[in-house]
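First up is the structure itself, then whatever we jot down about it.
Please treat every number below as a calculation from the coordinates, not as lab data. The shown structure was predicted, so the numbers you read here are calculated from the model rather than taken from an experiment. Cβ sites come from the backbone with ideal geometry, for glycine too, and all protein chains shown count toward neighbours.
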Amino acid sequence: MIALKVEKIGDQVAVVLTEEARQVLGVEVGGTLHLEPSQDGVLCATTQEVWLEDPHARGRAFLKRYTKSLQRLEPAAEA
């Protein structure tokens, strides 16, 4: 298990990666680390944007993330 420190930097909150965590995640300084919550509440981390390889992945990710919001809008659209 790798423990990471959470710090407040100005108005933002940052997670400080240890060298070990940085190597495990394969992230470089200035890179982007994407965290995606799964259905069971586990965060999955990736440093690669999957929609670069699959043009529809970004749309699917959007729909997956906002499905509940979109479903709440459906009855209003039918009225």
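At-a-glance table
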read-out: Paramagnetic label zone (point 7 Å from Cα along Cα-to-C-beta, Arg58; backbone N under 17 Å) in segment 22-38; value: 32-35
read-out: Computed over segment 1-48, Kirkwood Rh from alpha-carbon pairs, angstrom; value: 12.1
read-out: Residue-wise HN-Hα coupling along segment 55-72, computed from phi with Karplus coefficients 6.51, -1.76, 1.60 (Hz; x: Gly, Pro); value: x, 9, 5, 5, x, 5, 5, 4, 5, 4, 6, 10, 4, 4, 5, 5, 5, 5
read-out: Difference of contour (0.36 nm per residue) and Cα-Cα distance, Thr67 to Glu19; value: 13.6 nm
read-out: Ascending count of other beta-carbon atoms within 10 Å, so fewest first, for Val27, Val42; value: Val42, Val27
